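Derivation of every value follows stated rules applied to the coordinates shown; laboratory data play no part. Values in this document were obtained by computation on a predicted structure and should not be read as measured data. When we count neighbours, we look across all protein chains shown, and the Cβ atoms used for this are built from the backbone with ideal geometry, even at glycine.
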4 protein chains.
Amino acid sequence: MIKIGIVGASGYTGEELLRLLANHPSAEAVVATARAAAGKKVSSIHENLKGLCDLTFEEPDYEKIKKECDIVFMAVPHGTAMDAVPEILKDSKCKIIDLSADYRLKTDVFEEVYGMKHKAPIDAVYAIPEVHPEVNKNLKDRLIANPGCFPTGATLAAAPLAAAGLLKSVIFDSKTGVTGAGNTPSATSHYPNLAENIIPYKLTAHRHLAEMVQEVSRLQPGFENVSFTPHVIPVSRGILTTAHIETTEKLTTADVKKMYEDYYDGKPFVQFAESVPSLANVRGSNFCHIGMEADARNNRVVVLSAIDNLVKGASGQAIQNMNIICGLKETEGLWFPGLI
Amino acid sequence: MIKIGIVGASGYTGEELLRLLANHPSAEAVVATARAAAGKKVSSIHENLKGLCDLTFEEPDYEKIKKECDIVFMAVPHGTAMDAVPEILKDSKCKIIDLSADYRLKTDVFEEVYGMKHKAPIDAVYAIPEVHPEVNKNLKDRLIANPGCFPTGATLAAAPLAAAGLLKSVIFDSKTGVTGAGNTPSATSHYPNLAENIIPYKLTAHRHLAEMVQEVSRLQPGFENVSFTPHVIPVSRGILTTAHIETTEKLTTADVKKMYEDYYDGKPFVQFAESVPSLANVRGSNFCHIGMEADARNNRVVVLSAIDNLVKGASGQAIQNMNIICGLKETEGLWFPGLI
Amino acid sequence: MIKIGIVGASGYTGEELLRLLANHPSAEAVVATARAAAGKKVSSIHENLKGLCDLTFEEPDYEKIKKECDIVFMAVPHGTAMDAVPEILKDSKCKIIDLSADYRLKTDVFEEVYGMKHKAPIDAVYAIPEVHPEVNKNLKDRLIANPGCFPTGATLAAAPLAAAGLLKSVIFDSKTGVTGAGNTPSATSHYPNLAENIIPYKLTAHRHLAEMVQEVSRLQPGFENVSFTPHVIPVSRGILTTAHIETTEKLTTADVKKMYEDYYDGKPFVQFAESVPSLANVRGSNFCHIGMEADARNNRVVVLSAIDNLVKGASGQAIQNMNIICGLKETEGLWFPGLI
Amino acid sequence: MIKIGIVGASGYTGEELLRLLANHPSAEAVVATARAAAGKKVSSIHENLKGLCDLTFEEPDYEKIKKECDIVFMAVPHGTAMDAVPEILKDSKCKIIDLSADYRLKTDVFEEVYGMKHKAPIDAVYAIPEVHPEVNKNLKDRLIANPGCFPTGATLAAAPLAAAGLLKSVIFDSKTGVTGAGNTPSATSHYPNLAENIIPYKLTAHRHLAEMVQEVSRLQPGFENVSFTPHVIPVSRGILTTAHIETTEKLTTADVKKMYEDYYDGKPFVQFAESVPSLANVRGSNFCHIGMEADARNNRVVVLSAIDNLVKGASGQAIQNMNIICGLKETEGLWFPGLI
């Protein structure tokens, strides 16, 4: 059994790691840290784990983690992971999968976008497995930057066209569930504010835009004409990305469909919707469902992707990455359907 | 025009008073206090009032209020109204309608239930107009205790049977929208906690139980066999009260329906549902819709009442009380339908 | 009192007309037709109107309507209004406000988009009052084409930039409440399908696109680079339109704000959000709230508009149009806040 | 591998069986029937199963099922199972787990409650495993009546007190998600009718009452003072049962808690909430979470149980029963957490 430590296990992504690992045949959580909850049973906070998890939250102790764990998931806010990462990597064989933003961007871009000095720049491997074949069991790097939720949905929606060099402009109009904002109550998550409403925010300059530009331009070098507007919808889980794509050539829906099917051939977690993808069909699962329609009038295509922001957009993809770098089957512990 | 002051106007009940007064032909809000928001335009906080309200939030200044206002609504938490009420009543002609709990219960009951010393006991008139004919334009008292939201729904559901002395036991199983808990974000109002969920709380000992006992026993002297269990449902507004009533006699549905229709004859805000009442049909309005079914097997009847907790359960009933004590038509400014 | 007939009064827009007219000081509904509900009390179907509406649904009888009504609202599906309109206009003084799609588009465009022969082409006046100053009390035409819900939100979001000739491309990514699809249960409106979900549809070719192109190009002649993708969100009422606008010049947020404020100066129903507009703030009301942000990186601006699809997007705008053509104050009966 | 046939696999309970079996280590679905969908890929209807299920819906062919299946789940409406059950049992070794109501009640009670003649009375074993130890791998009967959703939640809430003979009266005030009403769109499931609302129905005489009386009186012989009022809440999945219980003795919360813990000791799917149980914590899982509070004033206790109506209230319990009668571990394929 692969021994897992989770740093920051009291939040949503920590809970999801514990939920998914509760059923993983080859890995088990052995340490779960959470400062504010230290000393409490994990299942007294995450009550869905009652009967399934006997861990107790601990104060973070990196020496203990390095001794007991093979893989460490950092499920902490940005700016926090960078404090622990070098300490955990040093004099250990631990590999780290960082769910925070700290190692996703080039250092200078990170510092500009997040408005802080990076305390511990280290080379990391950014990993959406479906588009990054360089992530595999022979990977030498010990630090995986697990992608952001919006960039995962966006990149999966645009990758085949980007890889074909066909993008002229892309607007990602994304709609996310509110768990993306964490489990601390706020005005946005206040039920009467969100129910029967939709809350757009950071209309032109959300932090995840830099990550999208980085990933799309990696596939189509030089292409940076990416825009991104997120909205919170009255939904707990899920991101629907509506990608409004202007292409350099006129394409039919069948052309685009074929291109996407070929690109994602052999990628078990990408599936194609009968018509449009639905958050319900991927809820709680690691799947990404995709749909699309070309505009008959011009060089445009609308591509839709649906993921669960906490699973494929965070903890599920983290476990998928763990599976891959540990030489397990990519789908291990993750091969179950969405909860309609 | 009746001049209105609202103390504590930044919360939900304050906003609702302003919303309702925006359309009242004979009254207008002239002062709106809110410490934390003092100096800000009311419509910059309550954006639904943009174009309709030019007031600016002020620090509470009771001398100013006494000079400028005929009626003062206290839309503050319990324990706070009692600080201001004696000051406002003194050397003024202001009448106060207190939406807090401070003057609803006998002082000793208040002190026990709310766990605090009452700083300023004053005789007040508790007023659900449909069951308290003593509230009228000749009322000498200048302090109206506006009923709690749950007790309003519960009392309206049980009053006709209580007035007929037919109650043997009553269990109010109430389902409320989350605005009842105020506009400060909390774990209960955190969208992912409440959506697709229902949160029961204070299963046997909610503070409003004392108010229910007081009101039901006023109608059926000596009867105190009242139980109350509230639940928060994923709804912003509204209370559905399911009253499980054991009666001293066997009654048919038709018997009960007739009794309720007679009791509420001439009460414009009580209406009877075709089958079961719906929160949608009373949303935003001052109506209470009622439905019922007698149990063919025994001496039981289930009565349902639906109100909007912020309107008939708070600010609408406050304005209804204002209308009555000011000699206006009871329905003035309140005679509009629910928003389906 | 202006006498009103409503043809097709059992649906959502019919109900909204009745709800709004219940409080209109200068107009009253005197006839409400609905074939399937004929003979039933209106308030037995629209229970929110209990106590407020004594009408009984009738079979449509246009001779009766012509005798009794000054204004007729057609609240029927497209393809149905055209059957009645000529009959009502003939030998009468009735004016018609048609909420259906039948008279919004040029006949040839209508026939192509709606895939049917137009049985009764008649000149009509398309009327979003904020952008169509030609709609006024001296209007000679007796047939008003009340705009579609999506085109209303879209046009209001783009009009000032269009009127200034600054549009280069516009993508309307719209999010609508499900009442837009009517009150007949369907797979889309089935609660488990929509709750915790978002349903995009007609990704590139919704019927309302033609109406948007017509209206935007009326303001910026020759401009037709308009795209439109609608989504149903888990919301009953409201449309948030996210307009992704490419402009011919670089503009700052302040520039755009100023342009919009000037354009909508003196238009009482258009208000500007403090940051982003919210469906909650316009719910049940005739207001349109607008917000915007220019993209610092390029010639782009994101403009947001929020309306209630059943009010400003249908029945409220219909009454606003009635007010205007009848010489009443534009805001009469509509000057109340949204229901948060 | 145990070979499974599912009759009526296009509905919610059919889908849930397929979802759960997709991950069951010792059983696999080999036949899925659905008349209306025959010939279509299962995953084209249940899109959450894309990648996970290669079955195609078939017309029901009981001879084929008897040849290919060890266990048959009947996921059909009441009145339908009785047509197929005798045919499947005849000349086969198949065991049937019937999720419909056809075999839950004594024949005469069934005929009265469901208003139809029973076409094929056969002895069946009613099985809530936590309260029916007679269900085990040595069971000779080949027909299991899988309990109704409401009776499961209700029985689990009352069983320990019933088994101790302490019940004097019980009112089950139940709140259910709308999937309980099936996947055909209806007025109740129409989003604008249910969202921001709660719909009580069959206030005193729901069909499941007979099943509750049967089960509670089996535990406390002679006790029939059971009432039941269901409500649909704006939730897709889950039933919260609020059991208002009058006891024959005064009990403290600690007394009751101890009694429940003892009764459910060794029952892995029953867990106790820290304070009150939550639908979120059991969503998608086979768990039942329980909480309670005794009323300090009298002989009353309020007990709460939370289940997922489609899992512990239907398909999960069906698989739990299958596991037990097949000699597998009770938790096999079901031992995963709820989806918060």
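A few comments on the model shown:
- Helical contribution to [θ] at 222 nm, DSSP H n ≥ 4, -39,500 (n - 2.57), averaged over the protein assembly as shown, rounded to 500: -7500 deg cm²/dmol
- Sorting D:116-128, A:40-52 by average packing, meaning the other beta carbons within 10 Å per residue, from highest down gives A:40-52, D:116-128.
- 18 Å Cα-Cα threshold exceeded, pairs from B:175/B:312; B:64/B:93; A:95/A:137; C:106/C:175; A:267/D:40: C:106/C:175; A:267/D:40
- Charged side chains reduced to their Cβ positions (Lys and Arg at +1, Asp and Glu at -1) give the range A:120-182 a dipole of some 40 debye around its Cα centre.
- Kirkwood hydrodynamic radius (C-alpha pairs) into Stokes-Einstein, the range D:221-340, 10 °C and 1.306 mPa s, D in µm²/s: 102 µm²/s
- Cβ-based net charge around residue A:229, under 14 Å, with every Lys or Arg adding one and every Asp or Glu removing one: +1
- DSSP bridge orientation in the range B:2-122 - percent antiparallel, rounded to nearest 5: 5 percent
- Antiparallel beta bridges, as assigned by DSSP with both residues in the protein assembly as shown, represent about 45 percent of the total such bridges.
- Measuring r between the beta carbons of residue A:258 and residue C:224 and using R0 = 35 Å, the FRET efficiency lands at 0.75.
- Between identical copies, the spacing of residue C:188 label points, each set 7 Å from Cα toward the C-beta atom, reads 2.5, 2.8, 3.7 nm from nearest to farthest.
- Charge tally for residue C:79 (other residues, Cβ to Cβ under 9 Å; Lys, Arg +1; Asp, Glu -1): -1.
- Beta carbon of chain C nearest to the axis of the rotation taking C to D, residue and angstrom distance: C:185, 2
- Charge sum, other residues only, whose C-beta stays under 15 Å from residue B:263's C-beta, Lys/Arg counted +1 and Asp/Glu -1: -2
- If you run the Gaussian network model on chain B, springs between alpha carbon atoms under 10 Å, then out of B:90, B:175, B:312 the most flexible one is B:90.
- Teacher prompt: residue D:265 distances to equivalent labels in other copies, 7 Å Cα→Cβ, nm: 6.1, 6.3, 8.2
- More than 18 angstrom apart: percent of Cα pairs within the range B:150-309: 57 percent
- When each of the peptides C:24-32, C:177-185, A:302-310, B:92-100 is scored by the mean number of other C-beta atoms lying within 10 Å of its residues, the order from highest to lowest reads A:302-310, B:92-100, C:177-185, C:24-32.
- On the basis of the beta-carbon distance and an R0 of 22 Å, residue D:117 and residue D:91 show a calculated FRET efficiency of 0.30.
- Counts of other chain beta carbons within 10 angstrom of each beta carbon in peptide B:39-51 average 5.
- Three-way shape call for the protein assembly as shown based on the alpha-carbon gyration tensor, with the a/c threshold at 1.5: rounded
- Shielding by partners for peptide B:161-173, expressed as the average number of C-beta atoms from other protein chains within 10 Å of each residue's C-beta, is 2.
- For chain D, the relative contact order works out to 17 percent when only alpha carbon pairs closer than 8 Å and six or more residues apart are counted.
- Calculated label separations, residue B:138, copies of the chain, 7 Å along the beta-carbon direction, nm: 5.9, 8.4, 9.9
- Placing R0 at 56 angstrom, the Cβ-Cβ distance between residue D:54 and residue B:274 gives a FRET efficiency of 0.70 after rounding to 0.05.
- Selection among B:230, B:268, B:82 by position relative to the dipole of chain B gives B:82 as farthest towards the positive end (Cβ unit charges, Cα centre).
- Within 10 Å of the Cβ of each residue in C:278-286, the mean number of Cβ atoms contributed by other protein chains is 6.
- For the range D:2-122, relative contact order (Cα pairs under 8 Å, six or more residues apart, normalised by length) works out to 24 percent.
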